[in-house]
Amino acid sequence: MQKKFATCDWCKKATFVQPLTYLDGYTNYCCDSCKQIALFDVKCFNNEELTMQKNKLLQKSAL
Ligand SMILES: [Zn+2]
């Protein structure tokens, strides 16, 4: 995992951050101290995204 010096998207501090990519391709950067929360946030978002995609598929197949 490559790190770069940038602003953490969670605590807004300028520090070394690592990229976290969402299911929709959007990338946020988090520092070490926010990593746990950040990973959880991304996981929740991805779960919602997956649920939405599944619902869309279900709606299509119901037609
Ligand atoms: Zn942070």
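Quickly run through region 31-51 and pick out the residues that are touching a residue at least 12 places away in the same chain (Cβ under 8 Å) and surrounded by fewer than 12 Cβ atoms within 10 Å (Cβ to Cβ).
Answer for region 31-51, where residues must be touching a residue at least 12 places away in the same chain (Cβ under 8 Å) and surrounded by fewer than 12 Cβ atoms within 10 Å (Cβ to Cβ): just L50.
Looking at region 21-30, is at least one residue at pLDDT 95 or above, surrounded by 11 or more Cβ atoms within 10 Å (Cβ to Cβ), within 16 Å of the ligand (Cβ to nearest atom) and assigned to a helix (DSSP H, G or I)?
no
State the number of residues belonging to region 1-15 that are surrounded by 10 or more Cβ atoms within 10 Å (Cβ to Cβ) and touching a residue at least 24 places away in the same chain (Cβ under 8 Å).
3
Just one of K3, K35 is within 14 Å of the ligand (Cβ to nearest atom) and at pLDDT below 95; which is it?
After applying the criteria, what remains is K3.
Are any residues in region 1-34 touching a helix residue (DSSP H, G or I) at 6+ places or on another chain (Cβ under 8 Å) and of a type in the set (G, A, S), and if so, which ones?
Correct list: empty.
Please verify whether region 46-62 includes one or more residues that are modelled with pLDDT of 95 or more, out of contact with any Leu (no Cβ under 8 Å at 6 or more places or on another chain) and within 16 Å of the ligand (Cβ to nearest atom).
no
The values are calculated or read from the model by the stated rules, or taken from the named source; none is laboratory data. Source: prediction; values computed, not measured. Cβ atoms come from the backbone with ideal geometry, glycine included; neighbour counts cover every protein chain shown.
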